1. Let me confirm something: among Leu122, Leu180, Leu197, which residue is under 19 Å from Cys33 (Cβ atoms) and in a loop (DSSP other than H, G, I, E, B)?
2. Would you mind listing the helices (runs of 4 or more DSSP H) fully within region 1-113 where at least 2 residues are closer than 30 Å to Tyr124 by Cα and assigned by TED's automatic domain parsing to the domain that holds Tyr124?
3. Quick check on my filter: what residues within region 108-143 are under 21 Å from the mean Cα position of the chain (by Cα) and over 30 Å from Thr181 (Cβ atoms)?
4. For Leu39, only one of the following conditions fails: (1) crowded, with 20+ Cβ neighbours inside 10 Å; (2) under 21 Å from Asp69 (Cα atoms); (3) at pLDDT 85 or above. What is its number?
5. Quick one: would you say Leu134 is surrounded by 16 or more Cβ atoms within 10 Å (Cβ to Cβ) and either of a type in the set (Val, Ile, Thr) or in a helix (DSSP H, G or I) (or both)?
6. Of Thr66, Thr8, Thr21, which residue is at pLDDT below 85 and surrounded by 16 or more Cβ atoms within 10 Å (Cβ to Cβ)?
7. Run Thr177 past the list (1) modelled with pLDDT under 95; (2) crowded, with 18+ Cβ neighbours inside 10 Å; (3) polar (S, T, N, Q) and report the number of the one that doesn't hold.
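The values are calculated or read from the model by the stated rules, or taken from the named source; none is laboratory data. Because the structure is predicted, anything quoted here is derived from the model rather than measured. Virtual Cβ from ideal backbone geometry, glycine too; neighbours counted across all protein chains shown.
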Amino acid sequence: MSADYMNTPLGDLARDIPGATAVFHANRLDFCCQGHHTLAEAAAKKGVPAADVLAQLEALAPGDATMRDWQQAPTAELVEHILTRFHARHREQLPELIRLARRVEQVHGDRATCPNGLADHLSYMAQEMESHMLKEEQILFPLLLQGRQAMVGGPISVMRFEHDQHGQALDEIVRLTNDLTPPEGACNTWQALYRGLEELRQDLMQHIHLENNILFAGSPRPEGSPYCATA
């Protein structure tokens, strides 16, 4: 990969530099659905000093042997990782986050800082993500595992488009929660809710990154198909 990190797409940096995703999380840079933006473009859009992010990337130890290089993993191993690390985890996370959000809204709904509407948003998000994951589990992943590349272009284009929608749903969570920042004096439930939402945000971004930038990378893309990384 080119050493010109400033002009390299975030998705490429996230894929090729061990530890880069942690840097991007810390700086609130979207390396999954907006991974086509270069570091310079993404930092400018977010109002983050690009030079600071660059310094953090350059400080990372190269070739961290403790991190799995998913680019080199067999498709079956990567799919299994996605299923166990992300699909199963999202199905645990969302019901509990919905429960916590409803509790916070019920108790603190009269406060200006309360994320009113968050529970309903998370419920809708859970429905959309469940539908998305079932399509992957029942249609797309079996095709990939069977090596039927000629048949995956259409399903992948739909998955990419839905990933973009998931990214927009995360943006709405950030908006409703003041960038996942609990207000002064927030109760334990409120703080636990925001910690869980931050975990969901990081997990979902990593999930989308592994699919968009690695699992789907060598698959055909039908001309004119919706694809979040070209938006």
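1. Working: Leu122 fails: in a loop (DSSP other than H, G, I, E, B); Leu197 fails: in a loop (DSSP other than H, G, I, E, B).
Result of the check over Leu122, Leu180, Leu197: Leu180.
2. 75-81, 88-108
3. Let us first name the residues in region 108-143 that are under 21 Å from the mean Cα position of the chain (by Cα), namely 118-137, 140-141.
If the condition is that a residue be under 21 Å from the mean Cα position of the chain (by Cα) and over 30 Å from Thr181 (Cβ atoms), then Ser131, Leu134, Lys135, Glu136, Glu137, Leu140, Phe141 are the ones that fit.
4. (2)
5. Numbers: surrounded by 16 or more Cβ atoms within 10 Å (Cβ to Cβ): no; either of a type in the set (Val, Ile, Thr) or in a helix (DSSP H, G or I) (or both): yes.
In short, no.
6. On inspection, the qualifying residue turns out to be Thr21.
7. Only one criterion in (1) modelled with pLDDT under 95; (2) crowded, with 18+ Cβ neighbours inside 10 Å; (3) polar (S, T, N, Q) is unmet by Thr177, namely (1).
Table: residues versus (1) touching a residue at least 24 places away in the same chain (Cβ under 8 Å); (2) surrounded by 16 or more Cβ atoms within 10 Å (Cβ to Cβ).
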position	(1), (2)
Ala55	no, no
Ala59	no, no
Ala101	yes, yes
Val104	yes, yes
His108	yes, yes
Arg111	yes, no
Gly117	yes, no
